[in-house]
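The values are calculated or read from the model by the stated rules, or taken from the named source; none is laboratory data. As the structure is a computational prediction, the values presented were derived from the model and not from experiment. Every residue, glycine as well, gets a Cβ built from its backbone with ideal geometry; the counts of neighbours run over all protein chains shown.
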Amino acid sequence: MTSPIVRFAPSPTGKLHVGNVRTALINWLFAKGQGGTFVLRVDDTDTERSTQAYEDQIKADLTWLGLVWDDTFNQSKRFDQYDAAAAKLREMGLLYACYETADELDRKRKIALSRGRPPVYDRSALTLTDEDKAKLEAEGRKPHWRFKLSGERVEWTDLVRGPQSVDTASVSDPVLIREDGSYLYTLPSVVDDIDAKITHVVRGEDHVTNSGAQIEIFKALGGSAPEMAHTPLLVDAEGGAFSKRLGSLSMDTLEARGIFPMAILSLLAKLGTSDNIEARESLEALAGEFSFDKIGRAPAKFDERDLLALNATLIHTTPYEAVKDQLAKIAPDAANEPFWLAVRENCQTVHDAKDFADIAYGQIEPVVDEDDEAFIAEARDLLPEGEVTGETWKTWTSALKEKTGRKGRGLFMPLRKALTGQEHGPDMGTILPLIGREAVVRRLSKA
Ligand code: GLU
């Protein structure tokens with residue numbers, strides 16, 4: 001096989017969320033796993049709803065994720081090519097002018113349905129003579145343009161869904177150009193895929209029916225269609241659909257919440273596949289494990305709890321360098337490597353480090369139960385001399401055990417509560433030096 005060329009084609013009318021990032025990722029993994037090319041196509045033919053700000057944000061998000069593209073272009077710069085393709089289809093008799101208003105079409109649909117027929121466009125515009133058309137245009141009507149489907153079955157072997165067929169007799173001839181001359185998505189996408197020599201169209205299964213029409217347009221304009229892969233859609237943990245504006249799962253919010261790119265990518269790469277959901281440290285590792293054959297047919301359930309669990313796995317080995325800037329914003333006092341190495345095992349996201357920073361550097365309220373007062377006083381007296389180091393906790397608690405006869409929870413918990421004000425938290429041996437001698441003594445004395 002020659003190297004694949006794929007494209008991810010977002011519309012800059014909203015932010016990227018986990019649903020469309022998954023499509024981008026699958027394209028990327030497939031292409032890069034075989035030394036192929038990943039193209040970012042900006043689908044901005046809808047000039048009303050597309051914005052530069054969304055385009056910039058999409059590019060920033062993909063860059064943050066590491067889904068770098070080899071090439072990018074905007075559809076809005078290619079109207080000449082679309083016009084040329086439309087002219088060619090008109091010449092071939094495959095693009096025809098229609099004059100029905102939305103209301104008229106709606107009425108036709110209702111009548112068809114009431115007669116038990118599928119609501120497919122009846123092609124009455126094909127019978128219009130030049131005179132009819134001139135008359136309609138004199139009335140002020142403008143044409144919209146439909147592609148004439150063959151009425152045959154379009155068949156392809158989908159890389160995810162297996163053998164597919166769309167009966168083009170059972171779908172309406174798709175409108176390619178609106179009354180105001182603007183293009184719907186269908187034609188520009190095909191023209192671009194031909195010009196960019198796309199070998200594989202990989203997208204969500206909401207496009208399966210489109211593919212029927214698009215394959216016919218590919219054949220009319222370019223000879224043959226690319227390979228197709230349609231992946232099941234991502235649904236939320238309850239099985240509901242994701243909306244593009246699902247703000248809490250947009251990339252910028254996930255980043256702000258301290259979720260790492262590789263947690264998102266590991267989850268999205270494995271979700272709905274036969275592989276286990278496990279953290280991977282690089283896109284290359286994910287690419288090495290990718291195969292269309294592993295993707296199942298059922299909708300893939302995206303559960304935020306999986307995302308946090310993967311993030312926790314990754315954070316336990318994340319070096320200080322990687323979180324330095326974020327940490328400096330979240331807990332300025334705690335932006336140092338020993339602190340990070342001490343707390344990361346107890347964090348799900350870098351934000352959790354804030355609690356530990358408060359323990360180490362903030363004003364905490366020691367908690368000492370009445371039964372433990374004497375024990376804590378003893379502990380203060382037995383604190384080893386000199387600077388508190390990584391060894392201190394062990395030496396100290398051994399001495400305390402010997403002296404008081406306490407062990408296990410009875411030995412450790414009162415100390416943890418007196419020193420941190422909490423019952424849970426990072427390994428005490430590690431956090432103790434961060435608290436420092438002065439504060440340790442102060443906290444034990446307050447008790
Ligand atoms: N802009 C289209 C979408 O976001 C692209 C679909 C495709 O990949 O062909 O749905």
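Results, tabulated for the structure shown:
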{"quantity": "Some residue of segment 173-182 being away from the ligand (no atom under 11 Å from the Cβ) and under 28 Å from the mean Cα position of the chain (by Cα)", "calculated": "no"}
{"quantity": "Positions within segment 1-19 being assigned to a loop (DSSP other than H, G, I, E, B) and either within 12 Å of the ligand (Cβ to nearest atom) or of a type in the set (A, V, I, L, M, F, W, C) (or both), in sequence order", "calculated": "MET1, ALA9, PRO10, SER11, PRO12, THR13, GLY14, LEU16"}
{"quantity": "Subset of segment 99-131 (residues that are more than 38 Å from the chain's Cα centre (by Cα), part of a helix (DSSP H, G or I) and hydrophobic (A, V, I, L, M, F, W, C))", "calculated": "ILE111, ALA112, LEU113, ALA125, LEU126"}
{"quantity": "Test: ARG280 is surrounded by 15 or more Cβ atoms within 10 Å (Cβ to Cβ), in contact (Cβ under 8 Å) with a residue 12 or more places away in the chain and of a type in the set (Lys, Arg)", "calculated": "yes"}
{"quantity": "Unique residue being surrounded by 15 or more Cβ atoms within 10 Å (Cβ to Cβ) and either out of contact with any Ser or Thr (no Cβ under 7 Å at 6 or more places or on another chain) or in contact (Cβ under 8 Å) with a residue 60 or more places away in the chain (or both) when the list is LEU432, LEU411, LEU419", "calculated": "LEU419"}
{"quantity": "Some residue of segment 289-310 being in contact with a helix residue (DSSP H, G or I) (Cβ under 6 Å, 6 or more places away or on another chain), surrounded by fewer than 17 Cβ atoms within 10 Å (Cβ to Cβ), on the phi < 0 side of the Ramachandran plot and not aliphatic (A, V, I, L, M)", "calculated": "no"}
{"quantity": "Residues of segment 195-220 satisfying the condition of being surrounded by fewer than 17 Cβ atoms within 10 Å (Cβ to Cβ) and either polar (S, T, N, Q) or away from the ligand (no atom under 13 Å from the Cβ) (or both)", "calculated": "ASP195, LYS197, THR209, LYS219"}
{"quantity": "Selection from segment 23-39 of residues that are more than 16 Å from the chain's Cα centre (by Cα) and away from the ligand (no atom under 12 Å from the Cβ)", "calculated": "PHE30, ALA31, LYS32, GLY33, GLN34, GLY35, GLY36, THR37, PHE38"}
{"quantity": "Test: residue in segment 111-132 that is among the charged types (D, E, K, R) and closer than 27 Å to ASP192 by Cβ", "calculated": "no"}
{"quantity": "From ALA102, ALA134, ALA112, residue being over 30 Å from PHE292 (Cα atoms), of a type in the set (A, V, I, L, M), surrounded by fewer than 17 Cβ atoms within 10 Å (Cβ to Cβ) and in contact with an Asp or Glu (Cβ under 9 Å, 6 or more places away or on another chain)", "calculated": "ALA112"}
{"quantity": "Qualifying residue in segment 185-194 (condition: surrounded by fewer than 16 Cβ atoms within 10 Å (Cβ to Cβ) and either within 16 Å of the ligand (Cβ to nearest atom) or within 28 Å of TRP69 (Cα to Cα) (or both))", "calculated": "no"}
{"quantity": "Hey, GLY223 away from the ligand (no atom under 15 Å from the Cβ), more than 29 Å from the chain's Cα centre (by Cα) and free of Cβ contacts under 8 Å to residues at least 40 places away in the same chain or not", "calculated": "yes"}
{"quantity": "Residues satisfying the stated conditions in segment 183-231, i.e. polar (S, T, N, Q) and modelled with pLDDT of 95 or more", "calculated": "THR186, SER189, THR199, SER211, GLN214, THR231"}
{"quantity": "Any hit, segment 391-406, residues being surrounded by fewer than 18 Cβ atoms within 10 Å (Cβ to Cβ) and among the hydrophobic types (A, V, I, L, M, F, W, C)", "calculated": "yes"}
{"quantity": "Check on ALA342, touching a residue at least 12 places away in the same chain (Cβ under 8 Å), under 27 Å from GLN57 (Cβ atoms) and outside any loop (DSSP other than H, G, I, E, B)", "calculated": "no"}
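For (1) under 28 Å from GLU179 (Cα atoms); (2) within 16 Å of the ligand (Cβ to nearest atom); (3) in a strand (DSSP E or B), each residue gets a yes or a no:
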{"position": "VAL21", "(1), (2), (3)": "no, yes, no"}
{"position": "ARG41", "(1), (2), (3)": "yes, yes, yes"}
{"position": "THR47", "(1), (2), (3)": "yes, yes, no"}
{"position": "ILE58", "(1), (2), (3)": "no, yes, no"}
{"position": "TRP64", "(1), (2), (3)": "no, no, no"}
{"position": "VAL68", "(1), (2), (3)": "no, no, no"}
{"position": "THR72", "(1), (2), (3)": "no, yes, yes"}
{"position": "ARG90", "(1), (2), (3)": "yes, no, no"}
{"position": "ALA97", "(1), (2), (3)": "yes, no, yes"}
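To keep it simple, each residue is scored yes or no on (1) in contact with a helix residue (DSSP H, G or I) (Cβ under 9 Å, 6 or more places away or on another chain); (2) over 28 Å from PRO299 (Cα atoms).
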{"site": "SER3", "(1), (2)": "yes, yes"}
{"site": "PRO10", "(1), (2)": "yes, no"}
{"site": "GLY14", "(1), (2)": "yes, no"}
{"site": "VAL18", "(1), (2)": "yes, no"}
{"site": "THR37", "(1), (2)": "yes, no"}
{"site": "ARG41", "(1), (2)": "yes, no"}
{"site": "ALA53", "(1), (2)": "no, yes"}
{"site": "ASP56", "(1), (2)": "no, yes"}
